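Since the structure comes first, as structure tokens, the remarks are kept for the end.
Where a number appears in this text, it was derived from the coordinates with a stated rule and is not lab data. The structure presented is a predicted model; accordingly, all values stated were derived computationally and were not measured. Every residue, glycine as well, gets a Cβ built from its backbone with ideal geometry; the counts of neighbours run over all protein chains shown.
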């Protein structure tokens, strides 16, 4: 069983940072809403507030890690230009997708949308985390701020969802390949 | 007899909303800047080439770096102006959400193709 370094980076970007961020987003939406609207005594203790602040910081780290690895590690491999006259485009995912009318949409719609919309996620969640850390449970008393934070967090979820969906589909039709091969295990014949 | 000097309102905000409003509006401005820069890079070859800050990533590097700088600069200025003030958070939130909505639209390729 082996994996190439480029595939490993794609896994870290998509399954590690991206998917974990998406999972965390649904939890953050629910907790932010519950915490900033409920008036139950259990929410007045510092524990849950401290936990949610830590959770939001983790989400900020995940979101930035996802877009930065995507843009500066994987995207250059995706958009690499093949040498003139190259017939085998398997190492050039963008050109491979553009070479067929059945797959060009994954680039012209999918990647073109993904590469920009994905950045709305870290911007939005950084703002949401900052506001929550600054105001904490006092956000209950700032209705408009709370509504804006929840809307931005929802958009962050949507942006990450679009990016994640197209990332997975593009990697299915034109996977980023190459780099050193890492041997994970040696399989024996059964 | 002990009587409180003033009633304590538990539902009153403990701090002014200016700092939060600054963060919300600047996030809207940053998102909108990203969408406008992406659109401009798509429509003009000159802008596209000037947005190549890191060649392997192409114009995306300039679009995102410039948008982040605009976002952080706007945030810094607004935070400095508003942090101790109570501002019209409803109107500011609505503007920020409108900018965010426009950003979502302007990053969608079929909409970009209309320009």
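Quick notes
- Most to least packed among A:166-178, A:140-152 [average Cβ atoms within 10 Å]: A:140-152, A:166-178
- For residues of A:68-81, the mean tally of beta carbons on other chains within 10 Å: 3
- With both labels modelled 7 Å from their Cα along Cα-to-Cβ, the residue B:36 to residue B:91 distance reads 2.0 nm.
- The alpha carbon centroids of the range B:64-115 and the range A:1-72 are separated by 23 Å.
- For the segment A:122-129, counting C-beta atoms of other chains within 10 Å of every residue's C-beta and taking the mean gives 6.
- Relative contact order of chain B, defined on C-alpha pairs under 8 angstrom at six or more residues apart (%): 41
- Shielding by other protein chains, A:151-159, mean Cβ within 10 Å: 3
- Calculated translational diffusion coefficient of the range A:31-190 (37 °C, 0.692 mPa s; Stokes-Einstein with Kirkwood radius over alpha-carbon pairs) equals 177 µm²/s.
- For q = 0.11, 0.13, 0.15 Å⁻¹, Debye-computed log10 I/I(0) when each Cα of the protein assembly as shown counts as one equal scatterer: -0.72, -0.93, -1.15
- Ranked packing of A:97-103, B:36-42, A:26-32, most packed first, by mean Cβ within 10 Å: B:36-42, A:26-32, A:97-103
- Across A:105, A:47, A:85, mean-square fluctuation computed from a Gaussian network of chain A (C-alpha pairs under 10 Å connected) peaks at A:85.
- Spin-label pair residue A:26/residue A:172, simplified geometry with 7 Å Cα→Cβ offset, distance in nm: 1.9
- For the pair residue A:143 and residue A:1, a Förster radius of 51 Å applied to the C-beta separation gives a FRET efficiency near 0.40, rounded to the nearest 0.05.
- Cα-based shape type of the range A:94-149, given that a ≥ b ≥ c are square roots of the gyration tensor eigenvalues and the cut on a/c is 1.5: prolate
- FRET E, pair residue A:185, residue A:45, Förster distance 51 Å, beta-carbon r, rounded to 0.05: 0.60
- Residue B:102 paired with residue B:53, simple spin-label distance in nm, labels 7 Å along Cα-to-beta-carbon: 2.2
- Cβ-Cβ distance of residue A:57 and residue A:87, R₀ of 45 Å, FRET efficiency by 1/(1 + (r/R0)^6): the value works out to about 0.40.
- Prolate/oblate/rounded call for chain B, Cα gyration tensor, a/c under 1.5 rounded: prolate
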